[in-house]
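Student: I have a structure I would like to understand better, so I am pasting it below and will then ask my questions one at a time.
The values are calculated or read from the model by the stated rules, or taken from the named source; none is laboratory data. Remember, it's a predicted structure, so these values are computed and weren't measured experimentally. Every residue, glycine as well, gets a Cβ built from its backbone with ideal geometry; the counts of neighbours run over all protein chains shown.
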Amino acid sequence: MTVASQTSVIPMNDLARGIRRDTVALNAAIADVLNSGYVIMGPNHSAFQLELAAYLGVSHVVGVASGTDALGLAIKAVMPDGHHTVLTAANAGGYTTTAAKYAGLNVVFADVDEQSLCLTAANVHAALTDDVGVVVVTHLFGNLTDIDDLVTLCHARNIRVVEDCAQAIGARRDGRFAGSFGDIATTSFYPTKNLGALGDGGAVVTNNAAIAETVRQLSQYGWGEKYHVDMAGGTNSRLDEIQAAMLRVRLPMLDSLNARRRHIVSRYCTAALGTSITVLPAATESHVAHLAVARSSDREHTRTALLKLGVRTDVHFPVPDHRQRGFGLTQTSLPVSEKAANEIFSLPCFPELTDEEVLVVCTAIESLR
Ligand SMILES: *Cc1c(COP(=O)(O)O)cnc(C)c1O
C-alpha cells in the first residue's frame with residue numbers, strides 16, 4: 001500500500017544504506033584481502049595506520065580491536081609511575097570507566113560544562129586528587145572541545161591527557177585535528193561511528209614515538225621481539241585485516257560524510273527555534289555531528305510526541321557513570337551531568353538519511369510547542 005512509507009518510523013541508524021552505497025568498493029577490498037592471504041597484521045593494517053596518521057596530521061597510529069581497548073591501552077601507556085587514578089567525565093557512556101577499571105585503576109569524575117557538556121580546566125582542577133595520573137577528555141557528540149587550558153593545567157602537574165575521539169574523528173580547529181592536543185588519543189571504528197568498520201575496531205593516536213611503541217607492545221602480549229614478553233600488562237588487541245581494508249575504503253569519504261551530518265544537525269537547530277526543545281549546534285568543522293542531541297525539560301513527553309510523528313529517538317546517555325550499579329562507584333553529586341542526563345535525547349543523524357526524512361524530522365520538531 002502507498003501509505004506504508006508514511007507509517008514507517010525514521011530510524012536512529014540504518015547501516016545497510018552505507019553498505020549498499022559502498023558495496024562495490026567494499027567487495028573489491030575484501031577480495032584483495034582474500035587474495036593476499038594476510039588476515040592479521042598484513043598490508044592493509046600497515047597502510048591504514050599510515051593513512052589515518054596522515055589524515056589526522058599525527059606521527060603514529062596503532063590499530064587495535066576496539067575503542068574501549070584503545071582507551072585501556074592508552075591509559076596504561078601514559079599513566080605516570082606511582083599513580084593509579086583516572087579522572088574523567090561521567091556523561092560519556094562509561095567506556096573510559098570500563099577500560100580504567102579493567103586495567104585495575106581507580107576512577108574519579110569531574111562535572112562538565114553546561115553548554116559543551118565536556119570537561120573544562122576549572123572543573124578538572126576542582127576534582128583533582130594527588131593520585132590522578134591521567135585525565136581522559138571525551139570530545140562528546142562530535143564536538144572538539146577546547147582543551148588547551150586543560151592540557152596546560154595537567155602538564156604543570158605531571159598529569160597526562162588522553163583525548164577520546166570515538167565520536168569526533170575528523171573534527172578540527174584551525175587545521176588541528178581532535179586527537180592532536182593531548183599526549184595520546186583514542187578512537188573507535190564501531191559500525192555506527194563517523195568512521196565505521198563492518199565489525200569492531202579502534203586506534204590509538206600519538207605524536208610520541210616511545211608512547212606509540214609502548215601501546216604497540218601492550219597490544220601484542222607485551223612482546224618486544226616475537227615470543228619475548230618484555231613489558232608487563234600486555235594483552236591481545238589487534239585491528240584485523242578485513243576491517244582495516246574496509247576503513248581504507250571509507251577514510252577518503254569521512255570529510256564529506258561529516259559535512260552531511262553537520263548539515264542535518266543545522267536543519268534540526270533551525271527547526272527547533274521557537275519550540276520547546278533546543279538542539280546542540282554543530283556549526284563548524286570543529287564539530288562532526290556524531291549525534292544530533294536535543295534537550296527538553298519534559299523529555300519523555302517530547303519523545304512520545306516525536307515517535308507518534310514517525311521519528312525515533314534515543315538517549316546518549318541515560319545513566320551517568322557514578323550512578324551505574326555495575327561500576328560500584330560513589331561520588332556525591334555532579335549536578336550538571338545529572339541534569340543533562342535527564343534532559344538530553346538524540347534525533348536521527350546519519351549521513352544516509354534522505355532529504356525527505358530530514359524534512360519529516362524537521363516538521364515533527366516544529367510541532368513541539
Ligand atoms: C563508542 C565509544 C567508545 C567505545 O568504542 P567501542 O569500539 O565500542 O569499544 C568509547 N568512547 C566513546 C565516547 C564512544 O562513543
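Student: Under 6 Å by Cβ, and 6 or more places apart or on different chains, what pairs join a residue from segment 347-369 that is within 24 Å of HIS301 (Cβ to Cβ) with one that is modelled with pLDDT under 95 and not in a loop (DSSP other than H, G, I, E, B)?
Tutor: none
Student: Looking at VAL33, VAL58, VAL78, VAL39, which is the one that is more than 16 Å from the ligand (Cβ to nearest atom) and out of contact with any strand residue (DSSP E or B) (no Cβ under 7 Å at 6 or more places or on another chain)?
Tutor: Exactly one residue qualifies, and that residue is VAL33.
Student: Now a separate question. Could you list, in sequence order, all residues of segment 100-121 that are more than 18 Å from GLN331 (Cβ to Cβ) and aliphatic (A, V, I, L, M)?
Tutor: Passing the criteria: ALA103, ALA121.
Student: Just checking: which of the strands (runs of 3 or more DSSP E) contained wholly in segment 26-131 hold 1 or more residues that are surrounded by fewer than 19 Cβ atoms within 10 Å (Cβ to Cβ) and within 17 Å of the chain's Cα centre (by Cα)?
Tutor: Because the criterion is at least 1 residues that are surrounded by fewer than 19 Cβ atoms within 10 Å (Cβ to Cβ) and within 17 Å of the chain's Cα centre (by Cα), no strands (runs of 3 or more DSSP E) in segment 26-131 meet it.
Residue-by-condition table, conditions (1) in contact (Cβ under 8 Å) with a residue 40 or more places away in the chain; (2) touching a strand residue (DSSP E or B) at 6+ places or on another chain (Cβ under 6 Å); (3) surrounded by fewer than 18 Cβ atoms within 10 Å (Cβ to Cβ):
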position	(1), (2), (3)
ALA232	no, no, yes
GLN243	yes, no, no
SER266	no, no, yes
ALA283	no, no, yes
ALA289	yes, no, no
ALA294	yes, yes, no
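Student: For VAL9, which of the numbered conditions (1) within 16 Å of the ligand (Cβ to nearest atom); (2) in contact with a Leu (Cβ under 8 Å, 6 or more places away or on another chain) fails to hold?
Tutor: (1)
Student: Would you confirm, using the coordinates I've provided, whether GLY201 is within 16 Å of the ligand (Cβ to nearest atom) and closer than 16 Å to LEU52 by Cα?
Tutor: yes
Student: Also: Could you look through segment 294-336, keep only residues that are in a helix (DSSP H, G or I) and among the aliphatic types (A, V, I, L, M), and pick out the one that is nearest to the chain's Cα centre (by Cα)?
Tutor: VAL336
Student: With the checklist (1) touching a residue at least 60 places away in the same chain (Cβ under 8 Å); (2) within 19 Å of SER116 (Cβ to Cβ); (3) not small (Gly, Ala, Ser) in hand, flag the one item LEU198 doesn't pass.
Tutor: The failed condition is (2).
Student: Scan segment 114-136 residue by residue and report those that are within 21 Å of SER346 (Cβ to Cβ) and in contact with a helix residue (DSSP H, G or I) (Cβ under 7 Å, 6 or more places away or on another chain).
Tutor: GLU114, LEU117, CYS118, LEU119
Student: Give the number of residues within segment 312-369 that are at pLDDT below 95 and closer than 23 Å to GLN115 by Cβ.
Tutor: Residues in segment 312-369 being at pLDDT below 95 and closer than 23 Å to GLN115 by Cβ: 2 in total.
Student: If you take the residues in segment 81-96 that are more than 12 Å from the ligand (Cβ to nearest atom) and touching a Leu at 6+ places or on another chain (Cβ under 8 Å), which one is farthest from VAL112 (Cα to Cα)?
Tutor: That would be HIS84.
Student: Starting from residues that are within 23 Å of THR23 (Cα to Cα) and aromatic (Phe, Trp, Tyr), keep the ones in segment 165-198 and report whichever is farthest from the ligand (Cβ to nearest atom).
Tutor: PHE189
Student: While we're here: Taking the conditions exactly as written (closer than 20 Å to ASP314 by Cα, surrounded by 18 or more Cβ atoms within 10 Å (Cβ to Cβ) and within 17 Å of the chain's Cα centre (by Cα)), does ALA271 satisfy them or not? Don't jump to the end; show me each part of the working.
Tutor: Working: closer than 20 Å to ASP314 by Cα: yes; surrounded by 18 or more Cβ atoms within 10 Å (Cβ to Cβ): yes; within 17 Å of the chain's Cα centre (by Cα): no.
It is false that ALA271 is closer than 20 Å to ASP314 by Cα, surrounded by 18 or more Cβ atoms within 10 Å (Cβ to Cβ) and within 17 Å of the chain's Cα centre (by Cα).
Here is a yes/no grid of residues against (1) without any contact (Cβ under 8 Å) to a residue 40 or more places away in the chain; (2) out of contact with any Phe, Trp or Tyr (no Cβ under 8 Å at 6 or more places or on another chain):
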site	(1), (2)
MET41	no, yes
ALA47	no, yes
LEU50	yes, yes
ALA54	yes, yes
GLY57	no, no
VAL62	no, yes
SER66	no, no
LEU73	no, yes
ALA77	no, yes
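Student: Does any residue in segment 144-161 that is surrounded by fewer than 19 Cβ atoms within 10 Å (Cβ to Cβ) come within less than 6 Å, Cβ to Cβ, of a residue that is assigned to a helix (DSSP H, G or I) six or more places away or on a different chain, and which pairs are these?
Tutor: As it stands, the answer is ASP149/ALA121, since those pairs meet every condition given.
Student: For PHE141, state whether it is more than 15 Å from the ligand (Cβ to nearest atom) and of a type in the set (Phe, Trp, Tyr).
Tutor: Working: more than 15 Å from the ligand (Cβ to nearest atom): no; of a type in the set (Phe, Trp, Tyr): yes.
Taking the combined requirement at face value, the residue does not satisfy it.
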